[in-house]
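In what follows, a structure is listed as C-alpha cells, so that the remarks can point back to it.
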Amino acid sequence: MVRAILELTGVNKNFILKRTSIFEPHRILPAVKNVSLSIKPGERFGIIGESGCGKSTLARLMVGLYTPDGGLVRLEGSPLQDMPASDRNRAIQYVFQDPAGSLNPRKTIRQILATPLRALAGLNHQQAEIKLQEIMVAVNMPLSALDRYPHEFSGGQAQRIGIARALLAGSQILVLDEPVSALDVSVQAQLLELLVKLKEKFGLTYVFISHDLAVIEAFCEKVAVMYYGEIVEIGRADKLFQQALHPYTELLARTAPRQNADLYTEQQFELPDPLNPPIGCAFAARCPRAEKTCHQKKPKLSLQKASSYVACHFPLNQ
C-alpha cells in the first residue's frame, strides 16, 4: 500500500468574527469541520464545492498558511506544524487564484523568481540564472519575460509564472487554488495541458481546488466534494459525477453545463446559517431524499463501495 504524501486527520478551522461593539460576545465562524483526507504521491486530487464551502481555507491549512484549531496535517508522515518553515516550503507550495496579485509589481520576474532559489536552494547568481532559464522553458515562457514586470502579462502568462515560482522551490506538492477560474476556456485548456506535462517531468502531486465541475472532472483522478465546511463524498473522478452517492454531488452534476443537455436549475434555498449550524445533515433542507433522521443526526463519512466514501444516511445508487 502506497503511503500518503499529504494527510489530514480531523482538521478544524474557526474564525473569530469582529465585534460591532464591546458588549457583543465573540462569534465563532467554523470554516472547516473535521476534515480527513489522504493524498498519495503523484495523484491529481480535486476538491470541489460551492463558493464559501471552505475550499480555500482548507488549501491554506494544507500548506501551513493557517494553523488548524483541531486535528493534524501530516506531510510525508511528519506533522506540518513541527516542520521548519524552510523545509515545509521546499516540500509543498501554494499557487494563488490571482497570480498577478501574488507577484510584487515593483520587481522584475527575474528578481521575483530568484528569491526561492537563494532562500530555499542556496544557489549562487550563476546557478540561479541557469535554473531560471530552465524553468521558463518548462512553463513555455520566453526568456525575455524575465526582465519584464508582472503588469505586462496576461492572466494565463501570470499563472505560468506563479507555477514557475512554486516549482523553483523544489516542491513535490502543489496546491492550486482555482488556478484557471479567471481564464478563457482556450487558455484554461492550455494551462491544464501544461500542468499534466509538468507533473510527468517533475514527479508532482497536485491538490486542485475548484468550483468548476468540468475542469475537475477532466483534470483530476480523485475528488473530494465539500459542502458547508465538511467533506460529503470522496471518489474517483471518472465515476463520481456519473454515479454520485451523495445528493449534493448529484446536484452539482445536474447543474453543471454540458453539451447537448438541458441546464437544470435548482429551486432556490438559503444555505444554513454558519453561526447557527443545523443539528443533523447540513444539506437536508435542500435534499429531496431527506427524512426525519437527516434533520436529527449528522451522517459520518464512511466507505460505501470500491474506495468511495459518502456522508449520507440514504446514499444514492444503493
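The values are calculated or read from the model by the stated rules, or taken from the named source; none is laboratory data. Only a predicted model underlies this, so the values are computations on that prediction, with no experimental measurement involved. Counting neighbours? That spans all protein chains shown, and the Cβs are built from the backbone with ideal geometry, glycine included. Surface accessibility is based on the protein's heavy atoms, side chains included, excluding ligands, DNA and RNA. Shrake-Rupley method; radii C 1.70, N 1.55, O 1.52, S 1.80 Å.
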The helix 185-202 Cα axis meets the longest alpha-carbon principal axis of the chain at an angle in degrees, between 0 and 90 and rounded to 10, of 70 degrees
Mean accessible area per residue over the chain (1.4 angstrom probe, all protein chains present, square angstrom) is 51 Å²
CD proxy, 222 nm, the chain: helix-only mean residue ellipticity via -39,500 (n - 2.57) per DSSP H run with n ≥ 4, per residue, nearest 500, stands at -9000 deg cm²/dmol
Expressed in angstrom and ordered largest first, the alpha-carbon extents of the chain along the principal axes are 68, 56, 44
Expressed in angstrom and ordered largest first, the alpha-carbon extents of region 82-159 along the principal axes are 39, 30, 24
Taking placed amide H atoms and a strict 5 Å upper bound, the residues 5 or more places from Cys287 or on another chain that come that close are none
The value for region 1-87 (convex hull of the alpha-carbon atoms, volume per residue, Å³) is 124 Å³
Too long for a 19 Å Cα-Cα cut-off, among Lys197/Lys239; Lys40/Lys199; Lys33/Lys297; Lys55/Lys197; Lys239/Lys305; Lys33/Lys300, are Lys197/Lys239; Lys55/Lys197
Magnitude of the Cβ-charge dipole (Lys and Arg +1, Asp and Glu -1) of the chain about the Cα centre, nearest 20 debye, reported as 600 debye
Counting only protein heavy atoms with a 1.4 Å probe and every protein chain in place, the carbon and sulfur fraction of the accessible surface of the chain in whole percent equals 50 percent
For Lys298, counting only aspartates and glutamates whose alpha-carbon sits under 18 Å away and dropping same-chain residues fewer than eight positions off, the answer is Glu230, Glu233, Asp273
From the Cα centre of region 1-28 to that of region 55-99, the distance in Å is 14 Å
